[in-house]
Amino acid sequence: MISVDTAQALCLGLVRAGPAEDVDLAQALGRVLATPLTAKRDQPPFSASAMDGYAVQSGQATTGSTFDVIGEAAAGHGWDGHVGPGQAVRIFTGAPVPDGATRVIIQENVTRIGDQITLTEPLKDNINIRPQGADFTRTFSLDAPRALTPADLALIAAMNHANVAVTRRPKVALISTGDELLMPGGDPGPDQIIASNVFALQAMLAQTGAKAHVLPIAPDTTEALDATLAQAADWGADIIVTIGGASVGDHDLVAPALDRFGVTRSFHKIAMRPGKPLMAGAKGDVAFLGLPGNPVSAVVCGHLFLLPMVRRALGLGDVLPPALTARLTAPLPAGGPRAHYMRARFDEGDAARQVTAFDRQDSSMLTVLAEANCLLLRPIDDAPKAAGDAVTIYPI
Ligand code: AMP
Ligand code: MG
């Protein structure tokens with residue numbers, strides 16, 4: 001059986017970054033910038049007043065100095081003339097600083113009588129002017145790839161771009177397999193259970209930026225599986241994910257179905273717990289991932305394999321789940337022959353990040369998964385651990 005690292009590398013080898021498309025800035029949140037974006041102007045585009053007050057040539061001005069007010073500049077309405085010694089222009093925040101002026105005296109520090117002001121306080125260091133290009137100049141560029149945040153959208157807007165080139169969202173088809181499965185809200189027979197893990201996977205895909213499409217549940221027949229795989233391909237999926245039927249029991253039909261479909265398999269089974277029956281492959285440009293059916297196994301494999309594939313398809317650089325280090329709150333016995341991704345809860349603690357593994361680690365326990373906020377990695381044949389020992393965790 002191959003290791004998790006090897007399986008992750010093989011999965012990533014099945015996907016490429018998708019093409020770029022132009023989207024409206026208002027639709028660009030969370031999308032991945034496809035190419036570096038250069039500013040079309042300086043910001044601010046002119047030296048601008050940072051306060052309401054009076055623009056002057058500060059020179060020797062001291063408390064008691066007087067200035068003649070000769071004009072007014074407001075945001076969107078600059079004043080064209082030149083400010084000479086002993087002169088002032090009434091100015092408001094965001095207005096271009098007129099020619100000749102070297103500072104803005106805030107209005108609280110003067111008294112005004114008619115068209116004359118008198119400085120009532122000593123000048124401080126702050127000249128209350130934002131120089132042209134203080135935020136960015138037209139040589140500034142935003143590097144790609146980059147998942148766009150709300151602040152990025154404001155920055156791109158200030159750079160005077162209305163559209164932005166982002167990578168296409170990969171299309172991911174989700175196929176639940178099993179005679180026992182029923183969608184939630186139905187009327188289950190005595191032998192039936194609800195298809196649940198597909199809802200977690202769909203949400204994880206949406207959060208990561210993929211377009212997920214849930215296909216009808218495929219019963220455990222070759223005909224149903226073949227037809228559903230064909231439906232997923234017809235929809236134009238970039239990644240086709242099956243859930244369940246991945247082992248080698250009589251009812252585990254996925255591996256032979258992928259063979260019939262013409263998928264070149266890159267691996268089947270990995271040294272991991274939960275998730276041993278995982279398989280992956282490709283047919284042309286379409287990647288296939290066969291997840292185990294147990295709800296926790298499917299979700300854990302989703303975090304470790306499917307989401308990295310999606311991030312790769314989005315053109316992102318760091319695609320693997322980020323690892324953190326935490327201190328155990330309780331001892332753990334020796335690890336086994338497969339890497340164990342235990343459901344656990346971590347908190348930042350006062351002195352150090354702390355993590356507690358749940359007692360119940362069965363791969364069908366959704367209540368435990370719902371309480372977990374990380375996976376705690378026990379590497380293959382890991383030595384027993386004491387409370388306080390450092391372990392690797394992956395926030396989920
Ligand atoms: P399988 O991988 O098909 O052998 O399924 C393993 C276990 O997971 C069985 O108990 C299935 O009933 C259950 N299971 C399979 N698919 C799903 C699903 N989509 N949602 C919830 N449980 C499932
Ligand atoms: Mg099954």
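The values are calculated or read from the model by the stated rules, or taken from the named source; none is laboratory data. Note that the coordinates shown come from a computational prediction; the quantities given were computed from them, not determined experimentally. Reconstructed Cβ throughout: ideal geometry from the backbone, glycine too, with neighbour counts over all protein chains shown.
One table, with the values for the structure above:
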{"quantity": "Every pair of residues 6+ apart whose Cβ atoms lie under 6 Å, when the first sits in region 254-283 and is within 23 Å of residue 361 (Cα to Cα) while the second is among the polar types (S, T, N, Q)", "calculated": "271/3; 274/297; 274/363; 275/297; 277/247"}
{"quantity": "Answer from 248, 254, 263, 198 - the residue that is among the β-branched types (Val, Ile, Thr) and closer than 29 Å to residue 30 by Cα", "calculated": "198"}
{"quantity": "Residue tally, condition away from ligand 2 (no atom under 12 Å from the Cβ) and surrounded by fewer than 24 Cβ atoms within 10 Å (Cβ to Cβ), over region 233-247", "calculated": "5"}
{"quantity": "Residues (touching a Ser or Thr at 6+ places or on another chain (Cβ under 6 Å) and within 18 Å of residue 372 (Cβ to Cβ)) located in region 285-301", "calculated": "294, 295, 296, 297"}
{"quantity": "Residue among 143, 135, 191 that is acidic (Asp, Glu), touching a strand residue (DSSP E or B) at 6+ places or on another chain (Cβ under 9 Å) and either over 27 Å from residue 238 (Cα atoms) or within 16 Å of ligand 2 (Cβ to nearest atom) (or both)", "calculated": "135"}
{"quantity": "Residues that are more than 14 Å from ligand 1 (Cβ to nearest atom) and in contact with a strand residue (DSSP E or B) (Cβ under 9 Å, 6 or more places away or on another chain), drawn from region 213-225", "calculated": "213"}
{"quantity": "Single condition residue 113 does not satisfy, out of (1) of a type in the set (Val, Ile, Thr); (2) more than 30 Å from residue 309 (Cα to Cα); (3) in contact (Cβ under 8 Å) with a residue 24 or more places away in the chain", "calculated": "(3)"}
{"quantity": "So residue 254, is it within 13 Å of ligand 1 (Cβ to nearest atom), farther than 17 Å from residue 17 by Cα, at pLDDT 95 or above and among the β-branched types (Val, Ile, Thr)", "calculated": "yes"}
{"quantity": "Candidate set from region 226-251 (those that are more than 19 Å from residue 307 (Cβ to Cβ), of a type in the set (Asp, Glu) and away from ligand 1 (no atom under 12 Å from the Cβ)); member that is farthest from the chain's Cα centre (by Cα)", "calculated": "226"}
